[in-house]
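The structure appears below as structure tokens.
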Amino acid sequence: NNPHRIQRISITLSSILDPTALVRSLHSVVQTYPLLAASIQPSAPACGIDSSCFLLDSERVTVQVISVSPDLMLQPHVWGHMLEMSRVPAPGRVKPPLMQAFLVRCVDPSYGCALVAGFDHVLGDGASYALVLAQWSIAYEKEIKCRPEEKQDAPPHDYPNESMCIAKIDHTRAAHRFHIPTSLVQAYKSTYNTRTSNPSSPSSTGLRLSANDILMAQAAVVLASRRPIEASADTHARIAVLCDQRGRGLSDGWFGNAVVDLNVAVSWNSLERGDVEAVATEIRECMSEDLRLLEHDKEQFNIVRSSRKDFTKLFCWNSWVNAGRRLLGCGFGDASNVVGVQWLNLNYVADDDIILVMPTKSRVVGGSTTEGGLMVQVSCFSQL
């Protein structure tokens with residue numbers, strides 16, 4: 001009765017984490033977020049998340065250690081399939097727990113390790129997973145400071161040389177990924193905001209455009225040009241923007257699924273002219289009003305959103321920038337040890353017309369520094 005996908009987030013670290021301290025600190029996190037150790041039971045009381053019924057304290061949340069070869073350590077795109085094979089119920093249980101964590105360790109310690117947390121999507125959204133992992137990172141740091149390092153006695157599950165997983169990926173539907181360095185993002189914002197927020201500029205609107213507004217507008221202009229002519233029969237198209245309600249009527253630390261989709265309207269006139277600045281301004285104006293209604297008048301918000309549902313949808317925009325930045329700070333003892341963060345589900349694209357944005361961290365590769373910024377993944381197969 002649970003159709004949700006497992007959402008897997010990996011944090012790759014240059015250091016080696018202690019499995020015993022991970023398990024102990026995870027138990028303290030479960031005290032803060034008890035749904036992590038719950039199971040879905042029809043007879044249990046509904047907790048208000050997707051109207052699901054959770055039986056608390058019915059599962060044992062732990063960490064499974066997996067040892068891999070250097071080759072597999074460098075192929076995170078196959079970890080999802082590997083971990084799915086390792087996702088098994090606890091003894092005496094029919095289904096796996098709603099949260100399962102894996103510590104992927106390389107047989108060569110110089111490759112570091114990766115902590116992969118798998119969450120049943122019924123538990124919440126990306127921001128919720130980031131809250132859990134950030135809390136876990138803090139608890140782990142406290143654990144290793146107050147207890148001596150202990151070794152894991154149980155032997156890890158061994159994947160000596162797995163290349164067979166690669167065949168599980170459908171390369172015919174590979175998404176396009178673009179890395180936009182921070183310096184370029186700042187240049188975009190400076191260029192457009194110099195005009196839109198400068199009172200003496202002819203194109204001044206008094207608005208300040210965000211990086212999201214500008215990137216969304218660039219994508220809209222490009223993808224709109226690939227639409228059939230008859231698709232522009234309406235005066236406007238729409239972008240489905242997944243929005244986090246935290247800070248907009250919900251507390252910043254709220255745990256659950258707080259995502260609502262906005263139907264952001266943009267005019268075909270601006271799209272067909274290829275006017276990125278005009279489209280970005282329309283996006284900002286529309287989103288500002290929608291967010292105001294979402295926080296103060298949900299009934300009117302739903303009316304406005306419904307009035308745009310028949311506009312041609314260009315794509316769905318899903319920004320993990322805020323959640324991703326929180327994840328990049330999860331150093332489990334030292335934030336400088338974080339090599340990178342991945343939402344592993346991105347490697348198994350099944351949905352069409354989705355653009356996702358994740359932050360990236362500066363890295364030193366071969367003696368040179370790769371600038372951090374934003375990773376934009378475009379999965380618009382019907383348009384590219």
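With respect to residue 331, determine if the residue is outside any strand (DSSP E or B) and at positive phi.
Answer is no for this residue.
From the list 160, 202, which one is open to solvent by 30 Å² or more (accessible area, probe 1.4 Å), more than 27 Å from the chain's Cα centre (by Cα), more than 30 Å from residue 107 (Cβ to Cβ) and modelled with pLDDT under 80?
So the residue among 160, 202 that is open to solvent by 30 Å² or more (accessible area, probe 1.4 Å), more than 27 Å from the chain's Cα centre (by Cα), more than 30 Å from residue 107 (Cβ to Cβ) and modelled with pLDDT under 80 is 202.
Each row is one residue, and each column tells you yes or no for (1) among the hydrophobic types (A, V, I, L, M, F, W, C); (2) on the phi < 0 side of the Ramachandran plot; (3) in contact with a helix residue (DSSP H, G or I) (Cβ under 8 Å, 6 or more places away or on another chain).
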residue	(1), (2), (3)
255	yes, yes, yes
262	yes, yes, yes
267	no, yes, yes
283	yes, yes, yes
287	yes, yes, yes
299	no, yes, no
318	no, yes, no
321	yes, yes, yes
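Here are some conditions: (1) closer than 24 Å to residue 245 by Cα; (2) at pLDDT 90 or above; (3) open to solvent by less than 40 Å² (accessible area, probe 1.4 Å); (4) not in a strand (DSSP E or B). Residue 326 meets all but one. Which one does it not meet?
Every listed condition holds for residue 326 apart from (3).
Hey, among 260, 338, 357, 279, which residue is crowded, with 16+ Cβ neighbours inside 10 Å and free of Cβ contacts under 8 Å to residues at least 40 places away in the same chain?
Selected residue: 260, the only one of 260, 338, 357, 279 that is crowded, with 16+ Cβ neighbours inside 10 Å and free of Cβ contacts under 8 Å to residues at least 40 places away in the same chain.
Evaluate region 85-103: report whether one residue or more is within 30 Å of residue 258 (Cα to Cα), assigned to a helix (DSSP H, G or I) and in contact (Cβ under 8 Å) with a residue 24 or more places away in the chain.
Within region 85-103, one or more residues are within 30 Å of residue 258 (Cα to Cα), assigned to a helix (DSSP H, G or I) and in contact (Cβ under 8 Å) with a residue 24 or more places away in the chain.
So, residue 310, is that one modelled with pLDDT under 90, of a type in the set (D, E, K, R) and surrounded by fewer than 20 Cβ atoms within 10 Å (Cβ to Cβ) or not?
no
Out of region 358-382, which residues are modelled with pLDDT under 85 and assigned to a strand (DSSP E or B)?
363, 364, 365, 368, 369, 370, 379
Restricting region 107-117 to residues that are open to solvent by 10 Å² or more (accessible area, probe 1.4 Å) and touching a residue at least 12 places away in the same chain (Cβ under 8 Å), which is nearest to residue 340 (Cα to Cα)?
Among them, the one singled out is 111.
Restricting attention to region 95-105, does a residue exist that is out of contact with any Pro (no Cβ under 9 Å at 6 or more places or on another chain), at pLDDT below 90 and over 19 Å from residue 330 (Cβ atoms)?
Yes, region 95-105 contains a residue that is out of contact with any Pro (no Cβ under 9 Å at 6 or more places or on another chain), at pLDDT below 90 and over 19 Å from residue 330 (Cβ atoms).
The values are calculated or read from the model by the stated rules, or taken from the named source; none is laboratory data. Since this is a predicted model, take the numbers as computed values, not measurements. As a convention, Cβ positions derive from the backbone with ideal geometry for all residues, glycine included, and neighbour counts pool all protein chains shown. With ligands, DNA and RNA removed, areas are computed over all heavy atoms of the protein, side chains included. Shrake-Rupley method; radii C 1.70, N 1.55, O 1.52, S 1.80 Å.
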